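Asker: This is the structure I want to talk about, given as structure tokens.
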Amino acid sequence: MATTTVAYGKVEICQRKGTNMPKGWGVDQAGKETTNPDEVLEGGGLMPLGGSEECGGYKGYGLAMLVEIFCGILSGAEWGPNIRKWMKTDRVANLGQCFIAINPENFASGFTDRMQELMDTCRNLEPAEGESEVLVAGDPERKRMSQCDREGGIRYHPNQIAYLEDLAKELGVAPMVSA
């Protein structure tokens, strides 16, 4: 999960498609909100989860700080401005990770059943206006995997394919032969 409004890769996809980003995704070098992906990728940055302060962005900022502490400071890896920039390969990324293992049965019995009840309750809630259903974590990914299975693979934007073909030529990677 990104601690920003969106993951950086979604901005890169907008750039490759030649489209603007939705408002609230990023800022330019001066910290001003922008819908231009180039301005985010060339020295700007991503908005925290929730967007601006008026929309609760300080909550995303707090969550991002916890991730920095656990994955950067605690792990001895790079953090914040010390992490190498996106798409740069001039040095090792030195990205940290943090794994926490918890046995839920140490807290209360019946975790699996109680968790399933929570998921079922959420899925059965009345959807927000304009939505057809309430989803829980993992549901969008399972839907997308089913769609890919039905379609026989992942559909890519033509600009993404062109970028990857150019990168393959640059790196001397032979194209895959279709089966």
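Every read-out reported here was derived from the displayed coordinates using simple, explicitly stated rules and does not represent laboratory data. Here the structure is a predicted model, which is why all the values come from computation and not from measurement. Every residue, glycine as well, gets a Cβ built from its backbone with ideal geometry; the counts of neighbours run over all protein chains shown.
Asker: Could I have the simple spin-label model distance between residue 139 and residue 32, label points 7 Å from Cα toward Cβ, reported in nm to one decimal?
Answerer: It is 4.0 nm.
Asker: Over the Cα atoms of the range 1-100, what is the Rg over Rh ratio if Rh follows Kirkwood?
Answerer: 0.98
Asker: Sticking with this structure for a sec: Near residue 59, which lysines are there with a Cα under 19 Å away, not counting those fewer than 8 places off in the same chain?
Answerer: Answer for residue 59, where 19 Å is the Cα cut-off: 23, listed by chain and number.
Asker: Using a 10 Å cut-off around each Cβ, can you sort 71, 148 from fewest to most neighbouring Cβ atoms?
Answerer: Placing the least packed residue first, the sequence is 148, 71.
Asker: Something else about it: Could you work out the relative contact order of the chain, using alpha carbon pairs under 8 angstrom and six or more residues apart, expressed as a whole percent?
Answerer: That works out to 13 percent.
Asker: Something else: On a full-extension model of 0.36 nm per residue, what is the gain between residue 75 and residue 169, subtracting their alpha-carbon distance, rounded to one decimal in nm?
Answerer: 30.1 nm
Asker: Quick check on the exposure proxy: order 132, 146, 52 from fewest to most C-beta atoms within 10 angstrom.
Answerer: Working: 132 6, 146 10, 52 14.
In order of increasing Cβ crowding within 10 Å: 132, 146, 52.
Asker: Helix-only mean residue ellipticity at 222 nm, the chain, DSSP H runs n ≥ 4 weighted -39,500 (n - 2.57), per residue, nearest 500. What is it?
Answerer: Using -39500 (n - 2.57) per qualifying helix, the result is -11500 deg cm²/dmol.
Asker: Okay, next question. Taking only Cα atoms and a 10 Å spring cutoff, compute GNM fluctuations for the chain and point out the largest among 136, 27, 92.
Answerer: Comparing 136, 27, 92 in a Gaussian network model of the chain, the most mobile one is 136.
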